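The numbers here are math on the coordinates, done by the rules we state, and not lab data. Note that the structure is a prediction, hence the values are computed from the model and not measured. Don't worry about glycine lacking a Cβ; one is built from the backbone with ideal geometry, like all the others, and counts go over all protein chains shown.
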Amino acid sequence: MMILRAATVRDLPAIAAIEELSFPEGAMESWSAESLAEFVGKKDVVFLVADDDGAAVGYAISRFSADEFELLRVAVAPARRREGIAASLLSRTTRDFGDFLERAGLESGKGWLEVRSDNAGAVSLYAKIGFRERSVRKNYYGDGADALLMALDCFVR
Ligand SMILES: CC(C)(COP(=O)(O)OP(=O)(O)OC[C@H]1O[C@@H](n2cnc3c(N)ncnc32)[C@H](O)[C@@H]1OP(=O)(O)O)[C@@H](O)C(=O)NCCC(=O)NCCS
């Protein structure tokens, strides 16, 4: 059975392995278990893992602050893509952000992310969640690919 839960240090080797497969050299640098550890147990970070019978198959890392959150990372094990895992992780992140806003006495906020314009799968995932393109940073990655800055309006239910 698949559950979404907060990541712990015990998940990091599996998550680092997904990083390596998901961000091969060149396009974007993959994060090691050591660098991923910086996001575990942080008050302003929501680090969710999709756990399928004990195996980490996907994760999403976001930083929450005041009335904004930034999606830092989302990836799913190659063999488990197109099952809706990333969409579930992002929906849970936005729901958690809604609760965060409510606790702060706010009614609305914004989610932000940056994505390579040539990462068609990720761009359509984000659009499906409701993120809209706000600006383009030309040749941001130095290899010709642009960065798209996308934003999502979030409201407390
Ligand atoms: C992008 C990524 C996270 C998507 O994960 P996923 O679990 O396969 O995504 P989902 O199954 O939740 O997809 C939800 C929707 O997003 C869109 N989508 C996802 N992957 C897509 C792809 N490769 N091509 C086109 N649309 C895609 C589709 O609309 C999909 O709905 P559908 O399957 O009903 O058509 C995954 O491909 C991945 O890990 N890529 C490498 C890492 C990466 O690029 N991360 C983003 C930058 S940090």
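Structure above, values below:
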quantity: Any pair with Cβ under 8 angstrom, 6 or more apart, that starts in segment 117-144 at a residue that is farther than 20 Å from R81 by Cα and ends at one that is loosely packed, with under 13 Cβ neighbours inside 10 Å and of a type outside the set (K, R); calculated: D143/G26
quantity: Looking only at segment 21-51, and only at residues there that are of a type in the set (D, E, K, R) and more than 16 Å from the chain's Cα centre (by Cα), the one that is nearest to S62 (Cα to Cα); calculated: K43
quantity: Out of S65, S35, S30, sole residue that is among the polar types (S, T, N, Q), out of contact with any strand residue (DSSP E or B) (no Cβ under 6 Å at 6 or more places or on another chain) and within 24 Å of D99 (Cα to Cα); calculated: S65
quantity: Output for segment 112-127, where each listed residue is within 14 Å of Y141 (Cβ to Cβ) and buried (at least 17 other Cβ atoms within 10 Å of the Cβ); calculated: V115, R116, S117, A122
quantity: Single residue of segment 44-66 satisfying the filter (among the charged types (D, E, K, R) and in a strand (DSSP E or B)) that is surrounded by the most Cβ atoms within 10 Å (Cβ to Cβ); calculated: D51
quantity: Selection count, segment 101-157, where residues are acidic (D, E) and closer than 13 Å to E68 by Cα; calculated: 3
quantity: Unmet requirement for F131, which otherwise passes all of (1) closer than 26 Å to V156 by Cβ; (2) surrounded by fewer than 17 Cβ atoms within 10 Å (Cβ to Cβ); calculated: (2)
quantity: Cβ pairs under 9 Å, 6+ apart, first in segment 55-84 and more than 21 Å from S32 (Cα to Cα), second within 8 Å of the ligand (Cβ to nearest atom) and outside any strand (DSSP E or B); calculated: R81/G121; R82/G121
quantity: Hits in segment 67-82 (condition: surrounded by fewer than 21 Cβ atoms within 10 Å (Cβ to Cβ) and touching a Lys or Arg at 6+ places or on another chain (Cβ under 9 Å)); calculated: D67, E68, E70, L72
quantity: Residue count for segment 19-37, restricted to those that are among the polar types (S, T, N, Q), in a helix (DSSP H, G or I) and within 13 Å of the ligand (Cβ to nearest atom); calculated: 1
quantity: Answer from D99, D67, D153, D53 - the residue that is closer than 16 Å to M2 by Cα and more than 15 Å from the ligand (Cβ to nearest atom); calculated: D53
quantity: E19 vs. criteria more than 28 Å from G109 (Cα to Cα) and buried (at least 19 other Cβ atoms within 10 Å of the Cβ); calculated: yes
quantity: Answer residue from segment 83-111, given it is of a type in the set (A, V, I, L, M, F, W, C) and not in a helix (DSSP H, G or I) and is surrounded by the fewest Cβ atoms within 10 Å (Cβ to Cβ) among those; calculated: A104
quantity: Residue list for segment 112-137, restricted to those being in contact with a helix residue (DSSP H, G or I) (Cβ under 6 Å, 6 or more places away or on another chain) and not in a strand (DSSP E or B); calculated: L125, I129
